[in-house]
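Throughout, read-outs are computed from the coordinates displayed, never taken from laboratory work. This is a predicted model, so every value here is computed, not measured. In this analysis, Cβ positions are derived from the backbone assuming ideal geometry, glycine residues included, and neighbour counts consider all displayed protein chains.
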Amino acid sequence: MENFTFYAPTYFAFGKDTENEAGKYIKKFGGTKVLIHFGGGSVVASGLLDRVKASLDKENIAYIELGGAKPNPRSGLVYKGIEICKKETIDFILAVGGGSAIDSAKAIAAGAVYEGDFWDYYQGKEVKEALPLGTVLTISAAGSEGSGDSVITHENGMYKRATSGEALRPKFSILNPALTQTLPSYQTACGITDIMAHLYERYLTNTQDVEVTDRMIEALLLTMITEGPKAIADPNNYEARANIMWAGMMAHNNSCGVGRSQDWTSHAIEHELSALYDCAHGAGLAVVMPAVMTYNMHHNIMRFAQVACRVWGCQMDFNHPEITAKAGIEALRQFLISIGMPKNFEELGAREEDIEKLAYIACYGDVNNGTLGGFVTLKQEDVEKIYRL
Ligand code: NZQ
Ligand code: ZN
């Protein structure tokens, strides 16, 4: 295991009706004038926004609302949010929604206390300071409620890029699994896929002897395999939703990723798809992940065979471990198809004629330096082959 530091000071309030405590937690963390940031309207339709606002009213906390964060959130609204925060001397941001609203809120939080262009942070500048931020989560997926990460698409070039920093970790996150019961099953499935990708991208490591984090990842993957289909079959299954919600947080707050190298190839390759075609991040991952694994499998057959046996219940073939490894990848692929995810480029709405451009942007676009991947180092020609797979 490699040396590491781990500091994840988010305060979690988990369970039924916890959204009614939002005002109380904002007060606890010193907020007096709040920007409430949300997405395209699901939180308005469900009445959640009204409940959250009532909890702020109860604590006499002033607020301004900014809706409209799109799935795959864009830079334009971030600039608008930063302007509001500066003009109105906002001192706390509350994101109500999914990864998109939360990531947009994080970008605003960082930009609001920075004199330069917030996009600098998405081109490698470290985020050291940001307005404090809280979240009320409505979809188990991105894990942004417990992470210091944010992913934004810049409209000038449609680059989708990520940033990270301790200052972006939410001060608190409110996780009420019942809030996810209004999700369409497709979005539930996209979330399940994303959570599994966050686990796999950490599992694919070059670090030896990381048994504790291997086992934590396997446990969370098994949880997704048993609980995911229950939530798809019965959207009102609170217990399944609860298990998925906490697994989604643990999958990405990096408790399973410390002390080991991580991959993030599938995410890098997928981000160009959701930037260009505006598909759901999870749907893109469902297509990309099995292809990346198939391409990289020979780098460490035994690691793929291990997850195949421990998670997917495949039989180990010691004479031909590649057969076991392949069976595990195929089991993952079939599972994702069974929950309603697309299985290929065409079903995703992607076009073969864009492959060269997609691979170029993934490797060279914006600040990238020509290669990607933490498990196997890939060049543009490799990425093109993966898109074709
Ligand atoms: O916009 P609204 O109207 O709220 O609708 C959303 C959106 O259309 C809807 N939705 C969310 N909760 C709902 C609901 N509909 C009904 N009932 C509910 N309870 O679902 C759609 C998807 O929402 P979104 O926030 O986009 O989903 P997700 O949480 O998957 O976030 C995706 C974004 O997160 C980024 C992705 O790249 C993508 O941009 N990621 C962020 C990460 C991070 N910050 O750590 C890591 C991830 O790997 C990922 O890259
Ligand atoms: Zn993801």
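General observations
- Lys/Arg +1, Asp/Glu -1 at C-beta; the chain dipole; positive extreme among GLY340, TYR159, ALA8: ALA8
- Over all projection directions, the Cα-based convex hull of region 34-79 averages an area of 3.3 nm².
- Of the residues ILE84, ILE217, ASN319, the one whose Cα sits farthest toward the positive end of the charge dipole of the chain, with +1 on the Cβ of Lys and Arg and -1 on the Cβ of Asp and Glu, is ILE84.
- Convex hull of alpha carbon positions in region 167-304: directionally averaged projected area 9.2 nm².
- In terms of other Cβ atoms within 10 Å, VAL376, VAL127 run from fewest to most in the order VAL376, VAL127.
- Tail beyond 19 Å, pair distance distribution of region 165-230 (Cα, percent): 51
- Judged by the gyration tensor of its Cα atoms, with axes a ≥ b ≥ c, region 126-183 is oblate; a/c meets the 1.5 cut and b/c is at least as large as a/b.
- Derived from the Cα gyration tensor, the three semi-axes of the equivalent ellipsoid of the chain are 34, 23, 19 Å, largest first.
- When the listed pairs LYS24/LYS53; LYS27/LYS70; LYS27/LYS160; LYS53/LYS230; LYS27/LYS171; LYS27/LYS106 are checked against a 23 Å cut-off, the alpha-carbon distance exceeds it for LYS27/LYS70; LYS27/LYS160; LYS53/LYS230.
- √(5λ) per eigenvalue of the Cα gyration tensor, region 52-159, largest first, Å: 21, 17, 13
- Between region 1-52 and region 243-265, the C-alpha centres lie 20 angstrom from each other.
- Region 186-231 and region 57-98 have their alpha-carbon centroids 32 Å apart.
- Region 284-389: chymotrypsin sites (Phe, Trp or Tyr not before Pro) in DSSP coil with no more than 11 other Cβ atoms inside 10 Å: PHE318
- Volume per residue that the Cα convex hull of region 75-220 spans, once the total is divided by residue count, Å³: 139
- Share of Cα-Cα pairs in region 53-102 lying beyond 15 Å, as whole percent: 51
- Rounded if a/c under 1.5, otherwise prolate or oblate - region 108-157, Cα gyration tensor axes: oblate
- Seen from all directions on average, region 1-86 presents a Cα convex hull projection of 8.4 nm².
- The long axis of helix 321-338 is offset from the longest Cα principal axis of the chain by roughly 40 degrees.
- Cα-centred dipole magnitude for region 1-126, charges only on beta-carbon of K, R (+1) and D, E (-1), debye, nearest 20: 280
- Longest segment of the chain lacking GluC sites (Glu not before Pro) that sit in a DSSP loop with at most 16 other Cβ atoms within 10 Å: 156-389
- Taking the three principal axes of the alpha carbon atoms in region 246-389, the coordinate ranges are 42, 36, 34 Å, sorted in descending order.
- Antiparallel %, DSSP beta bridges [both residues in the chain], to 5: 25
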